[in-house]
Amino acid sequence: MMDTDAAQTDETMRDGLGIDALLALGGVLGLLGWALTQFVAGRPGFALEVVGVEGTVVVVGFWAAATATMVGLGLVAGARTVRYTPLLWLWVALVATALVLDAAVVYGLVSSPELARTLLWTPWPVVLAVGYLVTGVVATHRSRAAYLVGSLTAGLVLLAAVLFPTTVPDWAFAATGVVHAVPLLVDARRGGAGDDQTVGGGYEFRDVRTAGTEEKP
């Protein structure tokens, strides 16, 4: 009886949008967002002519909307195995930090033009490097190698930008898009360990009990 109840609890935890769908959406939004960023960087006056605002505002606005969409879907439609995953909330915190820095530039809170340019892009490869490193280390039953390679590549992109700063507008945003999207899409395509994976697996930290489940004596 206890095993049956545990199995039923495990299944109800999976009702809703699964992690693979969210990863795929995150990968697609990453490709679109960084393609838009690269396009706007190559045509500085385009956004102002078309929509009447600076390109920086358009790009940061897109990333804010994309982040809100991902978080909203996770909260409203996501399975409890998604909502109760500490690792995903770590990602939310990392992305929010980068967005806050971008918003500070957009609202004119950064007086130095050089620092403003740095804060608009540099936090993102740092977020990817740190986030994918943690994901690759602690995420069980997932494509951990893809995340570790993504973390290393994000670090190399950042290093190349430091070594060749004048070339950043020509390639860095497109490269960041590839680094952003590929690990997510690879993991979404390969999926987790399978339908027999228990609630404690997936993107949960090791040895962290999933919220909503209690062990019965």
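If you go through segment 130-167, how many residues are closer than 16 Å to residue 86 by Cβ, more than 15 Å from the chain's Cα centre (by Cα) and not in a helix (DSSP H, G or I)?
The qualifying residues number 3.
From the list 71, 76, pick out the single residue that is out of contact with any helix residue (DSSP H, G or I) (no Cβ under 8 Å at 6 or more places or on another chain) and more than 21 Å from residue 169 (Cβ to Cβ).
Residue meeting the stated conditions: 76.
Can you find a residue that is more than 25 Å from residue 36 (Cβ to Cβ), touching a residue at least 24 places away in the same chain (Cβ under 8 Å) and not basic (Lys, Arg) anywhere in segment 92-105?
For segment 92-105, residues more than 25 Å from residue 36 (Cβ to Cβ), touching a residue at least 24 places away in the same chain (Cβ under 8 Å) and not basic (Lys, Arg): absent.
Any chance you could count how many residues in segment 28-55 are loosely packed, with under 14 Cβ neighbours inside 10 Å and under 15 Å from residue 102 (Cβ atoms)?
Of the residues in segment 28-55, 1 are loosely packed, with under 14 Cβ neighbours inside 10 Å and under 15 Å from residue 102 (Cβ atoms).
Please go through segment 35-51 and pick out each residue that is in a helix (DSSP H, G or I) and more than 27 Å from residue 182 (Cα to Cα).
46, 47, 48, 49, 50, 51
Does residue 108 satisfy the criteria of being free of Cβ contacts under 8 Å to residues at least 60 places away in the same chain and either part of a helix (DSSP H, G or I) or touching a Phe, Trp or Tyr at 6+ places or on another chain (Cβ under 7 Å) (or both)?
So residue 108 does not fit the description; no.
When you scan segment 9-24, do you find a residue that is over 16 Å from residue 81 (Cβ atoms) and at pLDDT 70 or above, even just one?
Among the residues of segment 9-24, at least one is over 16 Å from residue 81 (Cβ atoms) and at pLDDT 70 or above, which makes the answer yes.
Just to be sure, is residue 58 in contact with a helix residue (DSSP H, G or I) (Cβ under 7 Å, 6 or more places away or on another chain), in a helix (DSSP H, G or I) and modelled with pLDDT of 95 or more? It would help to see each step written out before you state the result.
Numbers: in contact with a helix residue (DSSP H, G or I) (Cβ under 7 Å, 6 or more places away or on another chain): yes; in a helix (DSSP H, G or I): yes; modelled with pLDDT of 95 or more: no.
So residue 58 fails the test.
Being at pLDDT below 90, among the small types (Gly, Ala, Ser), under 27 Å from residue 82 (Cβ atoms) and surrounded by 14 or more Cβ atoms within 10 Å (Cβ to Cβ) narrows it down to one residue among 192, 177; which is it?
From the options 192, 177, the qualifying one is 192.
Please go through (1) crowded, with 18+ Cβ neighbours inside 10 Å; (2) under 13 Å from the mean Cα position of the chain (by Cα); (3) not hydroxyl-bearing (Ser, Thr, Tyr) for residue 89 and return the number of the only condition it doesn't satisfy.
Failing condition for residue 89: (1).
Within segment 155-162, does at least one residue satisfy the condition of being surrounded by fewer than 18 Cβ atoms within 10 Å (Cβ to Cβ) and within 29 Å of residue 19 (Cβ to Cβ)?
Checking segment 155-162: at least one residue is surrounded by fewer than 18 Cβ atoms within 10 Å (Cβ to Cβ) and within 29 Å of residue 19 (Cβ to Cβ).
Within segment 111-129, take every residue that is part of a helix (DSSP H, G or I) and small (Gly, Ala, Ser) and give me the one that is farthest from residue 27 (Cα to Cα).
116
Between residues in segment 115-126 that are of a type outside the set (Val, Ile, Thr) and residues that are at pLDDT 90 or above and not in a helix (DSSP H, G or I), which pairs lie under 8 Å by C-beta distance while being six or more apart or on different chains?
Pairs that qualify, where the first residue is of a type outside the set (Val, Ile, Thr) and the partner is at pLDDT 90 or above and not in a helix (DSSP H, G or I), are 116/110; 119/110.
Any residue that is crowded, with 20+ Cβ neighbours inside 10 Å, in contact with a strand residue (DSSP E or B) (Cβ under 6 Å, 6 or more places away or on another chain) and closer than 21 Å to residue 183 by Cα - is there at least one of those in segment 68-86?
yes
Results for (1) surrounded by fewer than 20 Cβ atoms within 10 Å (Cβ to Cβ); (2) of a type in the set (Val, Ile, Thr), shown as yes or no for each residue.
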| residue | (1), (2) |
| --- | --- |
| 110 | yes, yes |
| 114 | yes, no |
| 117 | yes, no |
| 120 | no, no |
| 127 | no, yes |
| 131 | no, no |
| 137 | yes, yes |
| 140 | yes, yes |
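The values are calculated or read from the model by the stated rules, or taken from the named source; none is laboratory data. Just so it is clear, the model here is predicted, and its values are computed rather than measured. Ideal geometry is used to build each Cβ from the backbone, glycine not excepted, and the neighbour counts take in all protein chains shown.
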